[in-house]
Each structure stands twice: as structure tokens, then as C-alpha cells.
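Everything on this sheet refers to the single structure shown next.
The values are calculated or read from the model by the stated rules, or taken from the named source; none is laboratory data. Keep in mind the model is a prediction, meaning the values are calculated, not measured. Don't worry about glycine lacking a Cβ; one is built from the backbone with ideal geometry, like all the others, and counts go over all protein chains shown. Side chains are part of the model used for accessible areas, which takes the heavy atoms of the whole protein and leaves out ligands, DNA and RNA. Shrake-Rupley method; radii C 1.70, N 1.55, O 1.52, S 1.80 Å.
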Amino acid sequence: KMASAGGAGSAAALWSEVNRCGQNGDFARALKSVNKILQISKDDVTALQCKVVCLIQNGNFKEALSVINTHTKVLTSDVIAFEKAYCEYRLNRIENALKTIQSASQQTDKLKELYGQVLYRLERYDDCLAAYRDLIRNSQDEYEEERKTNLSAVVAAQSTWEKVMPEDLGLREATYELCYNTACALIGQGKLNEAMKKLQKAEELCRQSLSEDSDVTEEDIEAELAIIHGQMAYIMQLQGRTEDALQLYNQIIKLKPTDVGLLAVIANNIITINKDQNVFDSKKKVKLTNAEGVEHKLSKKQLQAIEFNKALLAMYTNQADQCRKLSASLQSQSPEHLLPVLIQAAQLCREKQHAKAVVLLQDFADQHPANAAEIKLTMAQLKIAQGSITKACMILRSIEELQHKPGMVSALVTMYSHEEDIDSAIEVFTQAIQWYQQFQARTNYSCCVFQPKSPVHLSLIREAANFKLKHGRKKEAISDLEELWKQNPKDVHTLAQLISAYSLVDPEKAKVLSKHLPSSDTMSLKVDVDALENSHGATYVRKKAGKLTGDSQQKEQGQGDVKKKKKKKKGKLPKNYDPKVTPDPERWLPMRERSYYRGRKKGKKKDQVGKGTQGSTTAGSSELDASKTASSPPTSPRPGSAAAVSATSNVIPPRHQKPAGAPATKKKQQQKKKKGAKGGW
């Protein structure tokens, strides 16, 4: 009895200590007192609950959960449901937390608050929105502003990730968190300018609210503004202002914020700006996306985008194995997604394995028919790159949902024309026209966007007719033109085309049809002939007549047919022309036909080649000089000749002459001489 009485007294004192420490927020000391109580009574429910709470307050979530799991008989789900679910939530065991909340017999307000957080992390935004609306409707306490902020965050997530048009919640944007969430919702809608204004307002409100606290430094304010500035930079990037965005991103990284999710998103966005350039910087930034805990901070789509960019970066840095590994992992996570298989195909193309890339794309298209159109377009592009135009056309024609589109018809006709396959091009036109005819036949015209003989249908017939005329298929073109004329008998342009086509095949039919053309009297063609002749596109432009004087007017009237005489240009004289010397009268004749031509003396020159030192002349060189013979008349000197010249002659002596065929040497020598003379002076 004495011992039990003493134990009860010590337990009471310990409970008093626990209560006092709890009120002071000293949970470490409170935990010591609780442990002493549990030594006295190990299955005390209240003590176990207090221990779990103290561990949670100290951040020891694993230990707290271990205590709950080891005392399940005492700590039932009704007693400790919230604490257990909260520990699981903080340990990122989100699915377990959801099960714990749903298994609780009584849904308290605390559990409902946690339930909303869990649904948000699971990206079940519709259920989360309903949960927060219920909380706001049925709660009246000091946490109403936080609940409204969470509600706006859910709406922003729906707009961003699910492309849902956000509803107006009627929330007063009194805090910077609400302004920021509204800006995120606007970005999801593509309203970038409005979103930027909301972010600027959020920045202003944030500075105002934090500056009121004297303990908050400027560094703390900048750290809190980092996420707002990051979103501003993202808007700049979307608007094409990549330099401004890059500068702001790097400023945020220099601040070294503690939010690993923010750093990962900024690093990923910088990598997308760099693309295949500045790869070294991208390699450094990609390390930020691998930080611990990033996967718990970002949404699934954000994490997926980061992984896609890692695979692309591996491809750009020629890490083929790493690229294949990452893209294969992505494909296993999202088998229906297009990007992983496109990245693999791009990597194969970089390795010059186009055939394997096409097979890979074809397999994916067969397995996922819903995405076959985009895959087949890529396959066609690869075939065109290989020069297989016909195979590319076959792939494009296999896309049923696109084969009748005007853009596709135009592309196919162009490609077939390039291959000179006119029959296939005409077949493309025919199939497209038939598709529109069948579509209109089975559709109720009163509720259909296409009216009978829609403009698309008629324009295809007209294009087909023009194409057939261009390639000599006159009879086929005539049937198309007749169809067009039946639809609109008042169309003069179509009628004129039809008559032109018949004139080449059946002139009599062309005469009959020409009677349907309107007469010149009924056609009111208000054409200004002068303006037409003076137009920019006219082949003949009439000169504007200026004001004429009396004399010139008479000359124009009397001598209108007289042509102006062209002035003869003065002929150019040779540089060494001497007016005192009579020119050779036979200078226009070839040398062989001149009277003084003696022919070449063969053998002498050949015999002397190679005799003597290099550059030396023989004794008989003067005999070969035709200028010294009495019978040879004076002729124009030839450059490079060894003829003797008089002292009074203006011709440069041979030793100063440049060699024939080397005009650049003289210029270089003159430049050097001029430069040297200038320096000497």
C-alpha cells in the first residue's frame, strides 16, 4: 500500500509536468515524463496517446507510427486514427493515409482537413474540391482563410493539369497566396498577361505582409518571393522572352531556396531553354532535378516532363544507352504516351538506323490505334527524309481520319506530282470528293455544318479539274467542270474554263456552250485602260506624256516617224598607240595571211633548249629577232619579248616587265615600293 501510494503520487507529479511542458511547447521534456509514466503503467492509453503526440511534435513520425502499430490492442482506430493517418501522410505513404481515414468510425473535423490534403496529393481534384467546400460551409474558426487558400489551389491545379475551365469562387484576393493561386489558374487558361498582373499584385502583398514583422530580413522576403518570381519567369518563357526568363531563373537559383520542388522546376525550365545548346550548363542543372524528396513535391505531370527532358538531354549529349534506358522506363510507366517512342525513334535516326525507327513506330501505331495518326505522320516524315516519297504517300493515305482533309489532299497531290504519278494524284482527288459526297448523303443538312455541295467539296472539284487540265487529262477535267457548272450555271469563270477545254476536244460543243456566255453589252466591265496599262504587273507600260512646247509639238506631229539617231561611241585605242607611226594596213589579217609572213623556222629553237646556264641567251639570239630585219615593218610590241628598244620609247624595258600571265605580281611590287618610299620620307 505504501508503494502503490508512492507510485500514484509520483504519477500525478509526472502528469503535472507533462501538462506544463505541453503548454510551454517543450515536447522533448514532456516525452521524458510520459516515458516515466509508461514505466509505471505500460498500457496507459492516455500516456501512449501523449507519447505519440510528443513524437509527432518533435518530427519523429516513424517512431510515432511504430508506437501506434505495436499497441494496436490499446490504441484502436477510433482512438488514434488522426495521429496514425497524419504520420502516414508525413511519411509520404499517401494511399495508407487514405485507407486509415476512410476506416475511421467517426469523421472528425481534423480528419476531414487531412482528407482534403490527402486527396490533393493523390491528384483527385474533384473529390478534393467537394471536401473543402464542405469544410468551409460547416466550419467557423480562425482557419477559414487557410481553407479558402487550399480551395483556390485545387481550382488552379484543375486548370493547369486537367485543362478544366475554373469556376469563379468569389474569393476576395486579400492575401498573396490567393493572388498566386489565381495567377496559376489564369496560366492554365492561357491568359498570360492577366496572370502576370496577378503575380505582380501577389509580390506587392507579400512584401507588405512580411515587412510588418520586424524579425523578417530582406533575405527571408526574397526567399518567400522566389516561387512568385519563378512563375513570372515561366510566363516570360511562354511569351518567348527567353533571355529575361533565363536571367530571372538564375537569380532564384543564386538565392539557394530550400524548396527542392521549386529548384527542380526551375532547372527543368532552363534545360528546355538550352535545348541542344549549352549542354554543359544543362548537365549541371539536371542534378537539381535529382534532389531527395523532389518526387513528393511535384505532380505526376511535372515529374514526367522532367524525365522526358532527361532522355532528350541524353540524346543531345550522345549518351545513346542512357537515352534508350530512360525512354524505355518512361514507356513502361506510360505505355500509351507518344513521347517515349518518339524519343527512341529520334535516337535511332541519329544513329542512321531509319529502317529500325520506322519499324518501332509502326509497332506502336498497331498497338495504340488512338495515337496512330501522329505516329504515322512521323513515319511519313522519315520516309521523305530517306527519299521514299511513294512509301510516304502510302503511309499518309492509311490515316483514315485525315485522308479527306484539304491539307492532306494538297500534300499528297504535290508529292505524287513530284514523282510524276499523275494517276495516283487524280485518285486522291477522286476519293476525297467521294468522301464529301457520301458524308452529305448520310447527314441531315439541317443540323450539319456542311451544306449541300459544301465549299470544301466544290473547291476540291475545281482543284481536280485544274490539275487534270494542267496534265493533259482534258476529258476527265471536262466532267468535273460540267459538275461545277451544274451547281452554279451563273458562274461565268467555270463556263469559260469548260469552253476552253471543249475547244481542244470537241470544237462544235465549245461553240454551242459559248452561246451561254453573256454578251458584251450586258457585261458592265468598268475597266480603266490607262490605269491597267500603267499598272505594276503590266508587261507594256505606256510612258506618261509631258507638257510639250509649240516647236516640239510641231516636230512631234511632223516627224513622228523619224527615229532618233544613236550616238556612236569612240573606239578605244591601244595603250602603246603612236599617232606619228602609220599603222600596219594588214593588221586585221591573220599573221599567216600577211605579205611579210615568212613562216616559222623549225628546229633551231628546239636545238638550243637546255644549253647553257638557266636564263642565259645564245649568241644566235639576235638572228631570231624579227624586229632587226629590214623587211619587217614596225608592229605593236609583245609583252615579254627580248626586242631592243630605243631610249626615247615609252615601253618598259623587258627586265622591268612582269612575266606574261602574272598580273598580280606587278601590283604587289608597286605596293611594297610605295610603302617603303613613304617610310623613308
* Check segment 364-387 and report whether any residue there is closer than 30 Å to P455 by Cβ and of a type in the set (S, T, Y). => no
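Among helices (runs of 4 or more DSSP H) lying entirely in segment 123-235, which contain 2 or more residues that are β-branched (V, I, T)?
On the way: elements: 125-138, 144-161, 176-189, 192-211.
Output list reads 144-161, 176-189.
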* To do: For segment 33-40, indicate whether the set of residues that are touching a helix residue (DSSP H, G or I) at 6+ places or on another chain (Cβ under 7 Å) and within 30 Å of C128 (Cβ to Cβ) is non-empty.
  => no
* Structure fact -> Checked segment 237-269 for anything among the aliphatic types (A, V, I, L, M) and farther than 19 Å from S299 by Cα; matches are L238, A245, L246, L248, I252, I253, L255
* How many of the residues in segment 90-122 are assigned to a loop (DSSP other than H, G, I, E, B), among the hydrophobic types (A, V, I, L, M, F, W, C) and closer than 24 Å to A156 by Cα? -> 1
* Is there any pair with a first residue in segment 295-311 that is closer than 11 Å to L326 by Cα and a second that is open to solvent by 60 Å² or more (accessible area, probe 1.4 Å) whose Cβ atoms are under 6 Å apart and which are 6 or more apart or on different chains, and what are they? -> F308/L339
* Give the number of residues within segment 257-279 that are open to solvent by 80 Å² or more (accessible area, probe 1.4 Å) and either modelled with pLDDT of 90 or more or among the polar types (S, T, N, Q) (or both). => 3
* For C87: the one exception among (1) part of a helix (DSSP H, G or I); (2) free of Cβ contacts under 8 Å to residues at least 24 places away in the same chain -> (2)
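Answer with yes or no whether I426 is closer than 30 Å to R462 by Cα, over 23 Å from the mean Cα position of the chain (by Cα) and open to solvent by 20 Å² or more (accessible area, probe 1.4 Å).
Details: closer than 30 Å to R462 by Cα: yes; over 23 Å from the mean Cα position of the chain (by Cα): yes; open to solvent by 20 Å² or more (accessible area, probe 1.4 Å): no.
No, not satisfied.
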* Structure fact -> Taking segment 115-143 and keeping only residues that are over 40 Å from the mean Cα position of the chain (by Cα), open to solvent by 10 Å² or more (accessible area, probe 1.4 Å) and of a type in the set (A, V, I, L, M, F, W, C), one is left with A131, I136
* Output the residues belonging to segment 144-160 that are open to solvent by 70 Å² or more (accessible area, probe 1.4 Å) and touching a residue at least 12 places away in the same chain (Cβ under 8 Å). => E145
* To do: Find all pairs meeting these conditions: Cβ atoms under 6 angstrom apart; at least six residues apart or on different chains; first residue within segment 48-65 and over 17 Å from T76 (Cα atoms); second residue in a loop (DSSP other than H, G, I, E, B).
  => F61/L91
* Asked: Out of curiosity, is I375 open to solvent by less than 80 Å² (accessible area, probe 1.4 Å) and part of a helix (DSSP H, G or I)?
  -> yes
* Residues located in segment 204-236, provided they are under 21 Å from L246 (Cα atoms) and open to solvent by less than 40 Å² (accessible area, probe 1.4 Å) -> L225, A226, I228, H229, G230, Q231, M232, A233, I235, M236
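Which residues, taken from segment 465-492, are more than 21 Å from I433 (Cα to Cα) and either part of a helix (DSSP H, G or I) or open to solvent by less than 60 Å² (accessible area, probe 1.4 Å) (or both)? Steps first, please.
Of segment 465-492, the ones more than 21 Å from I433 (Cα to Cα) are 490, 492.
Of everything in segment 465-492, just one residue is more than 21 Å from I433 (Cα to Cα) and either part of a helix (DSSP H, G or I) or open to solvent by less than 60 Å² (accessible area, probe 1.4 Å) (or both), namely V492.
For segment 335-346, check the following and say yes or no: at least one residue is among the polar types (S, T, N, Q) and at pLDDT 90 or above.
Applying the first criterion (among the polar types (S, T, N, Q)) to segment 335-346 yields 344.
Still in the running and at pLDDT 90 or above: 344.
Within segment 335-346, one or more residues are among the polar types (S, T, N, Q) and at pLDDT 90 or above.
Yes or no: segment 339-356 includes at least one residue that is closer than 26 Å to L122 by Cβ, in contact (Cβ under 8 Å) with a residue 12 or more places away in the chain and open to solvent by 50 Å² or more (accessible area, probe 1.4 Å). Walk me through it before giving the result.
First pass over segment 339-356, keeping only residues closer than 26 Å to L122 by Cβ: 339-340.
This time we only want the ones that are in contact (Cβ under 8 Å) with a residue 12 or more places away in the chain, so: 339-340.
From the residues that got through so far, the ones that are open to solvent by 50 Å² or more (accessible area, probe 1.4 Å) too are 339.
Yes: segment 339-356 contains one or more residues that are closer than 26 Å to L122 by Cβ, in contact (Cβ under 8 Å) with a residue 12 or more places away in the chain and open to solvent by 50 Å² or more (accessible area, probe 1.4 Å).
Hey, could you check segment 47-76 for residues that are among the small types (G, A, S) and surrounded by fewer than 17 Cβ atoms within 10 Å (Cβ to Cβ) and say which is farthest from the chain's Cα centre (by Cα)? Can you show your working first?
Looking only at segment 47-76, we keep the residues that are among the small types (G, A, S), and these are 47, 59, 64, 66.
Among the residues that remain, those that are also surrounded by fewer than 17 Cβ atoms within 10 Å (Cβ to Cβ) are: 59, 66.
Values: G59: 47, S66: 52 Å.
Only one residue tops the list, namely S66.
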* Asked: If we keep just the residues of segment 28-46 that are open to solvent by 40 Å² or more (accessible area, probe 1.4 Å), more than 17 Å from I80 (Cβ to Cβ) and of a type outside the set (S, T, N, Q), which is nearest to the chain's Cα centre (by Cα)?
  -> A28
* Asked: From the residues in segment 161-189 that are open to solvent by 50 Å² or more (accessible area, probe 1.4 Å) and within 31 Å of the chain's Cα centre (by Cα), which one is farthest from L129 (Cα to Cα)?
  -> Q189
* Asked: Taking interchain pairs and intrachain pairs at least six residues apart, which have beta carbon atoms under 8 angstrom, with the first residue in segment 198-220 and farther than 12 Å from E173 by Cα and the second open to solvent by less than 90 Å² (accessible area, probe 1.4 Å) and polar (S, T, N, Q)?
  -> S209/T175
